[in-house]
């Protein structure tokens, strides 16, 4: 407690970032939270001060697990805490630095769900950042100079996750962050009922892009050639009134469609697991009635190759699950792994299940249990991908 009082009275911080996890007893964690607020009522604190006991809330915002790669929707304020490589603090042996595109994508995904990003960068013993970190930060900075308005002050998007990327909202403006531009430049926005008035490509002047409504639920924007090769281009859509959009995830005929557990509805006691890729996957899937599902919207009927991604785990295996949509299903057995996933290592695999034909309209894409071995979880499920089969 004396150290806490010294920090606040001597340095007047705006944010107090705890990292004590569950190591503090409740009485101490609660007392420190209350004392910090007493000394400075405007101070903001995260949720790693003893976590939470008996439902008691003594934090101002939620933080993700370490090194997140994707996010589930979170009510209220929240923050992601990624690293430039795989280390918190400088590690001269760790050369696994992420690319600017990876971290820009993380920024855009956080903004789309109303979150903040606190990027960990470990200085060397000289006090300087490593050349790898400086190059990475410079790349993010160059992107932010052009596209920062899609991130700073952005709010949760009303638009569902799209096959090509995600979006963020500011007032009546919607910003589309395009992670995977369609090769033909035809960017289709699914389950959008409002019609944009003026699409523009950030950083390329104020010229309006071609836009047309395909049907009541789909709008198409033609991307310029520069946007198809840019590092995560951002398209700004302006609307006259509050945006009307549905909640069904689109199924594209021009690119792969990824559906992650973090964007799914979960039932039967299934949990969505960790945001950290190495240990990602569903949790507590012991109930045969457990299920994971997404509402999807299909504009054009067609066939799709189906693949499922999950974390193989020591002690989990021998079960079977099914992927179902539009009255059809494919089954897949779950093989056991040799490791127990942790912050640094996992055993993520992708298995191809077969081909399903999906008609136009609204459907439910679901993952269900076929067989769960006694005393086990079914699977550490991460996501399913529908890849269009060429006609």
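Derivation of every value follows stated rules applied to the coordinates shown; laboratory data play no part. As the structure is a computational prediction, the values presented were derived from the model and not from experiment. Don't worry about glycine lacking a Cβ; one is built from the backbone with ideal geometry, like all the others, and counts go over all protein chains shown.
Odds and ends about this structure:
- Given their separation in residues at 0.36 nm each and the Cα-Cα distance between them, residue 149 and residue 183 gain 9.6 nm when the chain is fully extended.
- Rg ratio (alpha-carbon, reference 2.2 N^0.38 Å) - the chain: 1.06
- Residue 345-residue 118 FRET efficiency (beta carbon distance; Förster radius 25 Å; 0.05 resolution): 0.55
- A Förster radius of 41 Å, combined with the Cβ-Cβ distance separating residue 228 from residue 277, puts the computed FRET efficiency at roughly 0.90.
- Efficiency of FRET from Cβ geometry, residue 359 and residue 19, R₀ 56 Å, rounded to 0.05: 0.65
- Sequence ranges 292-303, 9-20, ranked by mean other-Cβ count within 10 angstrom, highest first: 292-303, 9-20
- Calculated [222 nm] ellipticity per residue, helices only, for the chain: -4500 deg cm²/dmol; basis is -39500 (n - 2.57) per DSSP H run with n ≥ 4, divided by all residues, nearest 500.
- Building the convex hull from the alpha-carbon atoms of segment 2-150 and averaging its projection over directions returns 10.7 nm².
- If you take the alpha carbon atoms of segment 175-215 and fit the smallest convex hull around them, that volume is 100 Å³ per residue.
- Per the Cα gyration tensor, segment 72-218 maps to an equivalent ellipsoid with semi-axes of 33, 17, 13 Å, ordered largest to smallest.
- The length gained by stretching the chain between residue 244 and residue 305 to full extension, at 0.36 nm per residue less their Cα-Cα distance, is 18.8 nm.
- P(r) histogram, all alpha-carbon pairs of segment 279-391 included - 5 Å bins from 0, percent: 2, 12, 22, 23, 17, 12, 7, 4, 1
- Our estimate of slack between residue 88 and residue 135, defined as 0.36 nm per intervening residue step minus the Cα-Cα distance, is 15.1 nm.
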